[in-house]
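Worksheet: one structure, shown below.
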Amino acid sequence: MELSLTGTSAPLTAEACAAADGADPLARFRDEFILPEGVIYLDGNSLGARPASAAGVAARVLEQEWGEGLIRSWNSAGWFELPGRLGDKLAGLLGAGPGQVVVTDTTSLNLFKALAAAVELQRSADPARTIILTERDNFPTDIYIAEGIAGFLGQGYSVRLIDDSLPLEAALGGDVAVVALSHVNYRTGAMWDMAATTAAIHDAGALAVWDLAHSAGAVPVDLAGSDADFAVGCTYKYLNGGPGSPAFLWANPRHHAAARQPLSGWWGHAKPFAMEDSFAPAEGIGKFLCGTQPILSLAVAECGLDIALAASSELVREKSLVLTDLFITLVEARQGSHPLELITPRDHARRGSHVSYVHPEGYSVMQALIARGVIGDYREPGVLRFGVTPLYVGRLDVFNAVEALFDILDNRLWDTEEFRTRLQVT
């Protein structure tokens, strides 16, 4: 059994994987992260590893900027500018420009802002467009937010879900205002062609809102080149910003003047400290801010952004595909009669940076893996999800993870009450 590990064919052995890791130009980035000894971490698509620099940054903000600077640090430490400054950094990973991205709030809140702004733009142009179109297999919050907006608007607004029985092309019509899609599907890892899909949406007269939660920092993104309208995403997955770190929002500059977002809080005011008694939106992307920002979280999130910017995005994508190919090939070599069904696309152009399998005892199998120190995660129904973060995952990690998986499957080590007991967070 052979697979390209270093650009040439090599046997799939632990030794070959270790040798390929030794020649990996991205291997040096593993030292930028703190990972527990004996753990193979394949859940960076849910929560990224901690940057080694994060503790020092957190201590600085706590002890110096807050502890000594106190409220003066809004000016002296640049707290007030953090959402835009981090947004300008992140823009480089999204195919966007300066002044087009803010890092703020949560993905759900930002999606609400973006969808509401897009719907209002369309209502002004064509009131007959009352459909928000999204995927049945989208991350649930994306559907819930769309339903919430349609419910608040009333007046015939509703959500239409695309699936195998109603594909995007058939669902697009003269009544569709906005299409909200996840660039990379959270469950399967399937990836849309952003440019072609956005063009089809625009040809139908609708606006395109993209969720980049499983894309930013993992796969190539070109928002400007794709001519998208709005995009949102999080920083705690492949961008390693920390648990609950602030999300981001991008708006195409052509919408900056006309777009209005419904959460008109004081941080989005043109002159927040003028304390005026009526809202006047800031110019540009700043109008999408809302309330006072979580400074400690923003400061720590910058650590992960800086690491991502220091790495070649082309090499990250190349290694991601090598590692996911390796995972699939190793599983197929040993699958035998085990009921594992690959639901991640084999086609590189359609694959994100995680690999997912369905197994009838998926939850128990994943709990057994986690107990072994191989940390992935579980998603309903029956999905074992293995995230590949090329900055700290190597070929030997993948090899050893698959070895552990089949030890558990071959010996039914998952079949215990302990591993069947559901935890609150899966």
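The values are calculated or read from the model by the stated rules, or taken from the named source; none is laboratory data. Quantities reported herein were computed from a predicted structural model and do not represent experimental measurements. As a convention, Cβ positions derive from the backbone with ideal geometry for all residues, glycine included, and neighbour counts pool all protein chains shown. All accessible areas refer to the heavy atoms of the entire protein, side chains included, with ligands and DNA or RNA removed. Shrake-Rupley method; radii C 1.70, N 1.55, O 1.52, S 1.80 Å.
Taking the criterion of being open to solvent by 10 Å² or more (accessible area, probe 1.4 Å), among the small types (Gly, Ala, Ser) and in contact (Cβ under 8 Å) with a residue 24 or more places away in the chain, the residues of the range 319-368 that qualify are Ala333, Ala349.
How many of the residues in the range 191-202 are open to solvent by less than 20 Å² (accessible area, probe 1.4 Å) and either more than 16 Å from Gln122 (Cβ to Cβ) or in a loop (DSSP other than H, G, I, E, B) (or both)?
We begin by selecting, within the range 191-202, every residue open to solvent by less than 20 Å² (accessible area, probe 1.4 Å); these are 194, 197-198, 201.
Keeping just the survivors that are either more than 16 Å from Gln122 (Cβ to Cβ) or in a loop (DSSP other than H, G, I, E, B) (or both) gives 194, 197.
Number satisfying all stated conditions: 2.
Under the condition of being in contact with a Ser or Thr (Cβ under 8 Å, 6 or more places away or on another chain), charged (D, E, K, R), open to solvent by 10 Å² or more (accessible area, probe 1.4 Å) and within 23 Å of Arg187 (Cα to Cα), the residues counted in the range 383-423 number 1.
Which of the residues that make up the range 243-265 are within 23 Å of Arg50 (Cα to Cα) and either over 19 Å from the mean Cα position of the chain (by Cα) or open to solvent by 20 Å² or more (accessible area, probe 1.4 Å) (or both)? Result: Pro243, Gly244. Scoring Ser158 on the criteria (1) farther than 29 Å from Tyr357 by Cα; (2) open to solvent by less than 40 Å² (accessible area, probe 1.4 Å); (3) in contact (Cβ under 8 Å) with a residue 12 or more places away in the chain leaves a single failure, condition (2). Screening Ser356 with (1) closer than 21 Å to Leu413 by Cα; (2) outside any helix (DSSP H, G or I); (3) out of contact with any strand residue (DSSP E or B) (no Cβ under 8 Å at 6 or more places or on another chain) gives one miss only, at (3).
Yes or no: Leu62 touching a residue at least 60 places away in the same chain (Cβ under 8 Å), open to solvent by 50 Å² or more (accessible area, probe 1.4 Å), among the aliphatic types (A, V, I, L, M) and assigned to a loop (DSSP other than H, G, I, E, B)? Please lay out each step first, then the result.
Working: touching a residue at least 60 places away in the same chain (Cβ under 8 Å): yes; open to solvent by 50 Å² or more (accessible area, probe 1.4 Å): yes; among the aliphatic types (A, V, I, L, M): yes; assigned to a loop (DSSP other than H, G, I, E, B): no.
Spelling it out, it is not the case that Leu62 is touching a residue at least 60 places away in the same chain (Cβ under 8 Å), open to solvent by 50 Å² or more (accessible area, probe 1.4 Å), among the aliphatic types (A, V, I, L, M) and assigned to a loop (DSSP other than H, G, I, E, B).
Can you tell me which residue in the range 203-223 is least open to solvent (accessible area, probe 1.4 Å), limited to those that are of a type in the set (D, E, K, R) and touching a Gly at 6+ places or on another chain (Cβ under 7 Å)?
Restricting attention to the range 203-223, the residues satisfying the condition of being of a type in the set (D, E, K, R) are 203, 211, 222.
Narrowing the set further to residues that are touching a Gly at 6+ places or on another chain (Cβ under 7 Å) leaves 211, 222.
Details: Asp211: 10, Asp222: 77 Å².
Applying the filter and picking the extreme gives Asp211.
Residue count for the range 266-285 satisfying the condition of being surrounded by 20 or more Cβ atoms within 10 Å (Cβ to Cβ) and under 25 Å from Asp222 (Cβ atoms): 1.
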